[in-house]
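In what follows, a structure is listed as structure tokens, so that the remarks can point back to it.
The values are calculated or read from the model by the stated rules, or taken from the named source; none is laboratory data. On a predicted model such as this, the values are computed, not experimentally measured, just so you know. These area figures cover heavy atoms from the full protein model, side chains too; ligands, DNA and RNA do not enter into them. Shrake-Rupley method; radii C 1.70, N 1.55, O 1.52, S 1.80 Å.
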Amino acid sequence: LSVPHKLSTTGMWKGESAAGFRNFKNPKYLLNMSKPSRCFFTVTRQTNKPNSELDGFAIFVVKTSLTLEKTENGWCPDDSIISKSTFIKSSQVTLDCNLDAGFFTLFPCRRTEGIEGEGVFTITVECEETADARLEQYHPF
């Protein structure tokens, strides 16, 4: 993967944003792609625990029109998910996918919610095509 464009930011699961599996209360990041590109996503959580002691976590990519829709229970609907990684017990999760031009919401989520699900992470997006891509924290609700 040739990577002419790389974006990175640090975030945190804390309090209500440590919402657990596929819940829209998890931290969200808006990715604006000016043209189609193959993208590689990495979420790395800061921890001193061995992988065997970690809860699972994953990253979801959702196509959005700047107004995310959520279900009554607050979960991300299946039909809005463009791509997702597998929940794994690790300090790092990755995802490789092709994205069209437009807006996407990225949200890393832990399997565990509440205080056990709190923690700091770094999310990195690497785009194969040189694009006017932007990544920023997003608070739609």
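Sorting Leu135, Leu106 by solvent-accessible area of protein heavy atoms yields Leu135, Leu106, largest first, with a 1.4 Å probe.
Over segment 78-126, the ratio between the Cα radius of gyration and 2.2 N^0.38 Å evaluates to 1.30.
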